[in-house]
Structure formats: C-alpha cells, structure tokens
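The values are calculated or read from the model by the stated rules, or taken from the named source; none is laboratory data. Please read these numbers as outputs of a predicted model, since none were measured by experiment. Here Cβ is always computed from backbone atoms with ideal geometry, including for glycine, and neighbour counts include all displayed protein chains.
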Ligand code: ADP
C-alpha cells in the first residue's frame, strides 16, 4: 500500500522514463531470445523445411521436361547438392552447388543402399550429420567427413511410366556462432542507445506535458485564493489545452458569480434598509405624533413589511431551488384554472388592464405551487415594467401536445445585449433606477430554475421601446 502511494507521487518524468525503460526491456528481451537463444534452432528448422520443400517440388515435377533446369535452379539458389537416381544407384540428374557435399561422392552401390533405406522407411529419409561425424555404417564409410553439419533428405517418387526414382538432396548448416556473437555485441549497444534515447524522450515528453500542467496548477491555486482574473495556459497537448480552456471558462463564471454576489450584497442591503428605515421612521412618527396615527401610515408600514417578506422569501426560494433540496411534487392539475385564480388576485389593481386569452382548459402534470410561482413572477414583472397604457396580456396557446403561456407587456423592453443575462441570479438591467420599488433580481432566476426542473422550455422576445413577451411551455396531458 505504501509502495503504491509512493509510486503515485513519482513525477510524470520518471514515470514516462520507467514506462519507456520497461518497453525497451521487453523489446530487447524478445530480440535477445529470438536472435541469440533461438537463432540456431530457427535456422536449422528453416534449412530443414527448405530441403523438404525442394524435394517435394522436384518429385512433383519428376515427369516434366524442364526437370533438369529446375534441379539446376534449386541447387544453385539454395546451395544444395541434388541427385536423382534409381533403385540400382544409377544417376539421372546431378547438380552440385555445395562444396564438400557428402552425397556427391557416393558410389553407385552406396546410392543403391540409400535407396533401400529410404524405401524401408516408407519413401522418405532424413538425416542430420553432426560436425564431428565419423563414418561407421556402410554407406557412410564412403562419405568424406564434412566440415559443417549436413542435412540429407531423400524421397522416392514413382514416375508416370511406373519406374521409381529417388531424389536425394544435401545441404549444410553453416555454424552461426560468430553471427550470434556479433548480434550479442550489437544488442548490448542497442540496449545502451535505447536506454539513453528513452531517457531523453521521457525528459522531452514530460517537459512538454508537465510544463503546462504546472502552470495551470499555479493559476488554479491563485483562483482558489480568490483571484478570479487569472488566465489559464491554453497551450500544450489537446487534452491539456482543453483543461486550460475549461478552467478559463470556470474562472470567468466564478468571477461573474462573484460580481453578482457583490451586487447582491449592495442591492439587498439597500433593499432591506429602505423598508426598514420607512417602518422605523413611520412608527416613530406615529408614536410621537398621535395625529399621524392614520390608516394610510399603517398601510405604508404593512406594505414595507410585505416587501421585506417577499425579499426574504425570494432569497430562501432560490437557495432552496438551486441547492436541489426541494423536490418537485408533481400532480395533474388544471393550468388554465390555476392561472385564472392567480389573476383574480390582481383584480384590485383596477388601473391595470390585465387580460387572459385562453381557449379550452388544459391539464398538465407539474408542481402546481411552483408553476403558480412562475406565473406570479412573470405577471408581477409585466405589471412592474409595463408601459403607461398599463396593458398586461396573458395568452394560452395549445400546439403539438404542449401548452405555451405568454405574458406580454408594453413597457420599455430589454436591450438585446442584456437579454441573456436577465435569467441570472441577482441580475437587474437597470441597477440604479427604480431599485427601491423593484424586486431583488431573483424572480426570473426562480422562474428559470423551476422550468428547468420541469424540463419545460422558456424564453423571452423583447423589442426595446415596445415591450416584452415572456413565455414558457409545458407538456399537456
Ligand atoms: P426583479 O426582481 O428585479 O424584477 P427579475 O429576475 O424578475 O428581477 O428580473 C431581472 C431583470 O430583468 C429585471 O431587473 C429587469 O431589468 C428585467 N426584466 C424582467 N422582466 C421584465 C419585463 N417584463 N420588461 C422589462 N424588463 C424586465
């Protein structure tokens, strides 16, 4: 466990080097095994196969006219001695491209004996003669002791005319000790060169990979310390530059949130202070001057207290919504009816012209309380921001299995460059103007969170000077 931990701490440079070294070692071991350890047996196996396939080629073409030429070609290209004889040892073809061939000097009698042995062994005969080979058997006695290991292969073939012939081949296995030694020295050199190269490559790669990471790490630490204006390096390999880009995006978003947070503190403290000052002021006046104890003044105190309550509720709502601690309690309800009920509460605002255009009632499956809050917030905003004609128009439209609720006002509208920001928390288009009268900048953010939770689409179309249309959609039942 400790070793594992320790390994994790090893820097990228040494890790890459270790991987390269292991990789090199595996390749070199493979090379070593194949070139040094097995080379001899590979070579022998190849030679053996070669002599057997040559014999097969000749026997297949034993009746062909070009046999002589073929025997010559095979003999020359493979450095073999090839003879074709019959049962009595008489030679039909002979091609000798092998110095000191053991079969080239065989007597007719010996060839006849080889034929007999081959026949006795079922038609083929294979013999490997060692380097220190001494003649003891009858046919071997007549052979010259060779300098190298020899292999002899014989195969009996029946010709078309019924006569049997024997193809006898001889090739040598030259000693490869010196080759193996050369390879060994070469491998040692290659090992050293590869190790140095892998170290250099590891250094180079790790520098290329780790330098941007180290920079990003340093910048991330600064970000952690609250310096939101840091910029992350976007160079290096694709993944690293992507990380840099993502972190730059995160830093930008964080700095936005930070700016909004600062705005909020400024706004909220102002928004809290104004009603509190009013409540305190009016209460004092009413306490000190009995004549001021009028229902209008009491109403002002009540209004200001209500505004405070709204503010605090909004802040609580948005934190609950965004922390995800408030799950949706979906149920089937009549959305049209629900909107009608909400609008009835505005009936006291007689100087506003609030209208609702709905076709048939629609049923939806949603959290009624939260959807009501969406409608409230949109209608409240429309009332707050509508123009002098005080028109607020709510429309219900059913299309493609969805219901679209639009809230239209005739106010100043929203500048195009701000239209995407209004859904952000604490965002207010006009920060100075109307601050005391208007809400916290949380209303639309609450709308956005609720509709996102429902998976409903929403948006706004606005034209500066002629008003805005806020809308949202829900699936109908
Ligand atoms: P607020 O409580 O300030 O109304 P919202 O989140 O509801 O906060 O709205 C954010 C901002 O979007 C508002 O400050 C206002 O500038 C702008 N806005 C919202 N609704 C309208 C509207 N119907 N017409 C014009 N501007 C609007």
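Restricting attention to the stretch 22-30, does a residue exist that is modelled with pLDDT of 85 or more, within 30 Å of residue 185 (Cα to Cα) and over 37 Å from the mean Cα position of the chain (by Cα)?
No, every residue in the stretch 22-30 fails to be modelled with pLDDT of 85 or more, within 30 Å of residue 185 (Cα to Cα) and over 37 Å from the mean Cα position of the chain (by Cα).
State all residues of the stretch 410-420 that are near the ligand (Cβ under 7 Å from one of its atoms) and touching a strand residue (DSSP E or B) at 6+ places or on another chain (Cβ under 6 Å); if no residue qualifies, say none.
411, 413, 414
Mind listing whichever residues of the stretch 350-364 are part of a loop (DSSP other than H, G, I, E, B) and farther than 21 Å from residue 401 by Cα?
Correct list: 350, 351, 352.
When you scan the stretch 236-344 for helices (runs of 4 or more DSSP H) that lie fully inside it, which ones turn up with 3 or more residues that are farther than 30 Å from residue 474 by Cβ and over 55 Å from the mean Cα position of the chain (by Cα)?
Ranges flagged: 238-288, 295-323.
Scan the stretch 365-387 and give yes if some residue there is surrounded by fewer than 17 Cβ atoms within 10 Å (Cβ to Cβ), modelled with pLDDT of 95 or more and under 45 Å from the mean Cα position of the chain (by Cα), otherwise no.
Yes, that holds for at least one residue.
In the list 298, 315, which residue meets the criterion of being surrounded by 11 or more Cβ atoms within 10 Å (Cβ to Cβ), in contact (Cβ under 8 Å) with a residue 60 or more places away in the chain and on the phi < 0 side of the Ramachandran plot? Quick ask: steps written out before the conclusion?
Numbers: 298 fails: in contact (Cβ under 8 Å) with a residue 60 or more places away in the chain.
Matching residue, one of 298, 315: 315.
Answer yes or no: is there a residue in the stretch 171-182 that is under 26 Å from residue 22 (Cα atoms), under 25 Å from the mean Cα position of the chain (by Cα) and free of Cβ contacts under 8 Å to residues at least 24 places away in the same chain.
Taking every residue of the stretch 171-182 in turn, none turns out to be under 26 Å from residue 22 (Cα atoms), under 25 Å from the mean Cα position of the chain (by Cα) and free of Cβ contacts under 8 Å to residues at least 24 places away in the same chain.
Hey, can you tell me all the residues within the stretch 221-249 that are surrounded by 12 or more Cβ atoms within 10 Å (Cβ to Cβ) and touching a residue at least 24 places away in the same chain (Cβ under 8 Å)?
223, 228, 236, 237, 240, 241, 243, 244, 247
Could you tell me which numbered condition residue 378 fails, if it satisfies all but one of (1) farther than 26 Å from residue 463 by Cβ; (2) part of a helix (DSSP H, G or I)?
That leaves (1) as the condition not met.
What number of residues within the stretch 362-398 satisfy the criterion of being away from the ligand (no atom under 11 Å from the Cβ), out of contact with any strand residue (DSSP E or B) (no Cβ under 8 Å at 6 or more places or on another chain) and more than 24 Å from residue 476 (Cβ to Cβ)?
Adding up the residues that qualify gives 1.
Anything in the stretch 421-439 that is within 7 Å of the ligand (Cβ to nearest atom) and either assigned to a helix (DSSP H, G or I) or at pLDDT 70 or above (or both)? List them, or say none.
Passing the criteria: 422, 427, 428, 429.
Select from the stretch 452-472 the residues that are within 15 Å of the ligand (Cβ to nearest atom) and free of Cβ contacts under 8 Å to residues at least 40 places away in the same chain and write down the one among them that is nearest to residue 318 (Cα to Cα). Give the derivation first.
Narrowing the stretch 452-472 to residues within 15 Å of the ligand (Cβ to nearest atom): 452, 458-472.
Narrowing further to those that are free of Cβ contacts under 8 Å to residues at least 40 places away in the same chain: 452, 458-459, 461.
Details: 452: 13, 458: 18, 459: 19, 461: 24 Å.
My answer is 452.
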